[in-house]
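The values are calculated or read from the model by the stated rules, or taken from the named source; none is laboratory data. Being a predicted model, the structure only gives us computed values, none of them experimental. Glycine gets a Cβ as well: all are built from the backbone with ideal geometry, and neighbour counts include every protein chain shown.
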Amino acid sequence: LWQGGPLRGRRIVVSAGPTREGIDPVRFLSNGSTGRMGYAIARRARDLGADVTLISGPVALPPPAALTFVGVESAEEMCAAVLDVAPSADAIVMTAAVADYKPVRYSAEKVKKQPGDMTLVLDRTPDILVALDAVVRDRCDAPVRVGFAAETSDLVGHARAKLEGKNLDLIIANPVPASFGGDDSEALLIDRTTVDARPFGAKADLAGEIMRRVHGLLLERDARIHGRSRP
Ligand code: CTP
């Protein structure tokens, strides 16, 4: 069953969950991503026959069966894992809530509290989608790239800027806090030309719709590579 679907033979990479940026052996910077959206997408891609690699930050979900699972912690580890597999993949769906900053210095000793304020100095982490674009942008067989944007204002404007800035084929824009951490999703699907604002309800339905769109984008990519669509 898993091998017979419309995505059979397609290599699809999905990132999921938060990253953790260590401060000391017992503390880290992170966020509340549960990983549920990415895991739902990975399972759906697998069920449609794709050869799936799920690259996940620390979450409470068990690794799904019948896919390749790569567990990571930090943004840098996730970036290395994505750059290891995504350039040779057919599509990558970045649902991960990657930390944009990490502590400049990791303290091997547990940091002791002091009287008064304390300042934590942060450095930028790599932008994984931008790093991937630098590697694949000149290829006609560059993988289909899908990103996510969580926004508290100007949902379409900010999401479209990310779509263009990161050279994506599709971006899923989530209003926050509405769909962060919950089961349902009020996402918009935005590509280069259209904004699809249908309500999708459960994350499982949204995962199905995203994979339907990825399938369509893969057929367009086939046509770019071969000058025609695959039968
Ligand atoms: N992303 C990434 N590498 C990062 C951060 C985010 O690849 N270091 C990906 C996410 O997986 C997601 C998309 O980029 O698909 C989110 O875009 P981004 O601009 O990073 O979102 P925010 O971090 O929310 O950015 P901003 O603070 O500008 O709203």
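Quick notes on this structure:
- Some residue of region 9-28 being without any contact (Cβ under 8 Å) to a residue 60 or more places away in the chain, touching a strand residue (DSSP E or B) at 6+ places or on another chain (Cβ under 6 Å) and crowded, with 17+ Cβ neighbours inside 10 Å: yes
- The residue that is surrounded by the fewest Cβ atoms within 10 Å (Cβ to Cβ), among those in region 131-156 that are within 11 Å of the ligand (Cβ to nearest atom) and assigned to a strand (DSSP E or B), is 151.
- Of the residues 81, 66, the single one that is at pLDDT 95 or above, farther than 26 Å from residue 200 by Cα, more than 16 Å from the ligand (Cβ to nearest atom) and not in a strand (DSSP E or B) is 66.
- Of the numbered criteria (1) more than 13 Å from the ligand (Cβ to nearest atom); (2) of a type in the set (Ser, Thr, Tyr); (3) buried (at least 21 other Cβ atoms within 10 Å of the Cβ), the one residue 33 fails is (1).
- Residue 122 meets each of the listed conditions (1) crowded, with 16+ Cβ neighbours inside 10 Å; (2) of a type outside the set (Ser, Thr, Tyr); (3) at pLDDT 95 or above apart from (1).
- The condition of being free of Cβ contacts under 8 Å to residues at least 40 places away in the same chain, over 13 Å from the mean Cα position of the chain (by Cα) and part of a strand (DSSP E or B) holds for only one of 117, 123, that being 123.
- Qualifying residue in region 192-199 (condition: more than 13 Å from the ligand (Cβ to nearest atom), of a type in the set (S, T, N, Q) and either without any contact (Cβ under 8 Å) to a residue 40 or more places away in the chain or within 30 Å of residue 27 (Cα to Cα) (or both)): yes
- Restricting region 93-111 to residues that are in a loop (DSSP other than H, G, I, E, B) and within 15 Å of the ligand (Cβ to nearest atom), the residue that is surrounded by the most Cβ atoms within 10 Å (Cβ to Cβ): 96
- Test: residue in region 191-213 that is β-branched (Val, Ile, Thr), assigned to a helix (DSSP H, G or I) and surrounded by 18 or more Cβ atoms within 10 Å (Cβ to Cβ): yes
- Residue count, region 41-63 (criterion: assigned to a loop (DSSP other than H, G, I, E, B) and touching a residue at least 12 places away in the same chain (Cβ under 8 Å)): 8
- Residue 90 being within 15 Å of the ligand (Cβ to nearest atom), closer than 26 Å to residue 206 by Cα, at pLDDT 95 or above and not aliphatic (A, V, I, L, M): no
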